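Report on the following structure.
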Amino acid sequence: MSSAGYPFASLIELLAGCRIETGPGESLAFSEYARSAENAVGDAFPAVVAGQGILVDSGASLLSRVIGLWKAGAVPVVVPAPLSAGAMPSVHWDWRGDMPVRLAADPPSLVSGQDCPAIIHLSSGSTGLPRPAPRSTASLLAEAGRYVSRYGLSPGERVLVAAPICHSFGFGAFLGAAAAGGVVSLPTAFHARRLARRLCAGAFDVAVLTVPMARLLIAAAGPDRASGGSKARLAIVGAGPVSDRLAAAFEQSFGCPLGRNYGSSETGATFGAATALPEGVIGRPFDGVRIVAPSVPGETAELVLDLGHAVLASTSAAGASQIWRTGDRATLLAGDSIRLHGRLDDRLKLDGRTIDGAAVVAAALAVPCVRDAVAIATVAPWAPDRDLLVVACEGSGVDREHVRVAVAATNAPAPLVLTFASLPRTAAGKPDRAAIVAAVAGDQPRADRDITPVVREPVP
């Protein structure tokens, strides 16, 4: 496929003013980095089929392959490892040995020009199996500009993008930092102690983190650590809700606010703020993003957005739509700010009853020592005809009976409580529901099974 059909030159041009960190205090101009990236992909290019590149990597190494494929006119398909063929819906993907994925369905063929796909990430997998999330050149360019505008990114700023760029959140933040002409650090692996030391020593002006990363950095800095020599002015945190307690602890440790960021894999970031906000509030929409619903202050409804450009994941026989239904329940506040109330699918069905999953999670989080929690309705592995409410908690020293009592107060059925030092997570840093369900059948104490699962009935 020729590069003429995919105008990636504009994306390469977008990155031209940035530098890529190669080590503490060392960096390469993007032009030098791009030359090495092109060489790195050269030997692999015969395996690129019809504009589809196959990538399994992370950090700056992954970026070099994305750039090399763009320069070759190929569309990168980014697959976080490890994933197996059986973990993906076969309707979307054809797995072939060393070339793990090839796009089979091609809805983006209905669009052209800058609305053609430029990269394909996978959705986070926090609400089901990962899905292909194609992004167009227009979408990536718009997101980069929105980051620069909302967060005041500027030339020469040292930006740590610790959030993985194998996911849409980290990749979009990288584009924004690069578009501003920043010096961007893309660590291949997340080493909390090392990065906490560098933050405290003033090595970065801006950090891009997932919520679990923020927690780990606070723990690595230690309870007695003040901001010290940190020169960071902002941390941008996404891929999960931010509690008031987490925001306060981060500012205490590193002397800068946890700015908010919200979006979908299919659209990139759409909301954010360069300051800490009350729990659940995600700020105003980015420039060029319009709130379709809820439409009046005080109304609560599914959050529906007009992106101002084609959303390839919304493509139908009629073409690509600019409208994106987020699947999140939200209330419109004054000044176009949004407060989230959880997913529409937080409503769990057990025994024909609708359970408020968000209320169950809130009750679990109120229990001492619980840092994070997720509620899941699944089939009891020891009773295939019965439903089971599972509450998975992250934290040390969590009292399971306390969690059960707290959840019971929400009028939910008695749950199976699982505890983890760290919840299993997807590549995007969100709770991995499939791994949690798999743990239900693991080595849990028999006492945890001495509950009454509810009879599973068809959900209307």
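The values are calculated or read from the model by the stated rules, or taken from the named source; none is laboratory data. Since the model is a prediction, treat every value here as computed from it, not as a measurement. With ideal geometry, Cβ positions are generated from the backbone for all residues, glycine too; neighbour counts draw on all protein chains shown.
Considering the stretch 228-254, the residues that are small (Gly, Ala, Ser) and surrounded by fewer than 18 Cβ atoms within 10 Å (Cβ to Cβ) include one that is modelled with the lowest pLDDT, namely Gly228. Has the stretch 171-183 got at least one residue that is among the aliphatic types (A, V, I, L, M), surrounded by fewer than 24 Cβ atoms within 10 Å (Cβ to Cβ), touching a strand residue (DSSP E or B) at 6+ places or on another chain (Cβ under 9 Å) and not in a loop (DSSP other than H, G, I, E, B)? The answer is yes, given that some residue of the stretch 171-183 is among the aliphatic types (A, V, I, L, M), surrounded by fewer than 24 Cβ atoms within 10 Å (Cβ to Cβ), touching a strand residue (DSSP E or B) at 6+ places or on another chain (Cβ under 9 Å) and not in a loop (DSSP other than H, G, I, E, B).
The set of residues from the stretch 275-289 being in a loop (DSSP other than H, G, I, E, B) and at negative phi comprises Thr275, Ala276, Leu277, Pro278, Glu279, Phe286, Asp287, Val289.
Output yes when any residue across the stretch 372-389 is on the phi > 0 side of the Ramachandran plot and not aliphatic (A, V, I, L, M), and no when none is. Checked against the condition, which is being on the phi > 0 side of the Ramachandran plot and not aliphatic (A, V, I, L, M), the stretch 372-389 yields no hits at all. Please determine whether any residue of the stretch 220-227 is among the polar types (S, T, N, Q) and at pLDDT 90 or above. So far as the stretch 220-227 goes, no, none of its residues is among the polar types (S, T, N, Q) and at pLDDT 90 or above.
Got at least one residue in the stretch 301-312 being at pLDDT 85 or above, under 30 Å from Ala409 (Cβ atoms), in a loop (DSSP other than H, G, I, E, B) and in the same structural domain as Val148 (by TED's automatic domain parsing)? No: zero hits. For the stretch 355-369, the criterion of being at positive phi and assigned by TED's automatic domain parsing to the domain that holds Ala380 is met by at least one residue.
Between Val91, Val159, Val111, the distinction of being assigned by TED's automatic domain parsing to the domain that holds Lys71 and either crowded, with 24+ Cβ neighbours inside 10 Å or modelled with pLDDT of 90 or more (or both) belongs to Val159 only. Of all positions in the stretch 221-233, at least one carries a residue that is among the acidic types (Asp, Glu), more than 18 Å from the chain's Cα centre (by Cα) and outside the structural domain of Ala358 (by TED's automatic domain parsing). Do the conditions hold for Val292, that is, is it part of a strand (DSSP E or B) and of a type in the set (Val, Ile, Thr)? For Val292, the condition - part of a strand (DSSP E or B) and of a type in the set (Val, Ile, Thr) - is met.
From the list Val292, Val281, the one residue that fits, being at pLDDT 90 or above and either outside the structural domain of Gly222 (by TED's automatic domain parsing) or surrounded by fewer than 17 Cβ atoms within 10 Å (Cβ to Cβ) (or both), is Val292. Restricting to the stretch 258-274, name every residue that is in a loop (DSSP other than H, G, I, E, B) and either of a type in the set (D, E, K, R) or under 17 Å from Ser321 (Cα atoms) (or both). Passing the criteria: Ser265, Glu266, Thr267. Within the option set Ala392, Ala366, Ala414, Ala435, being touching a strand residue (DSSP E or B) at 6+ places or on another chain (Cβ under 6 Å), of a type outside the set (Phe, Trp, Tyr) and at pLDDT 80 or above holds for one residue only, Ala392.
Restricting attention to the stretch 37-55, does a residue exist that is in contact with a helix residue (DSSP H, G or I) (Cβ under 6 Å, 6 or more places away or on another chain) and either modelled with pLDDT of 80 or more or among the β-branched types (Val, Ile, Thr) (or both)? Among the residues of the stretch 37-55, at least one is in contact with a helix residue (DSSP H, G or I) (Cβ under 6 Å, 6 or more places away or on another chain) and either modelled with pLDDT of 80 or more or among the β-branched types (Val, Ile, Thr) (or both), which makes the answer yes.
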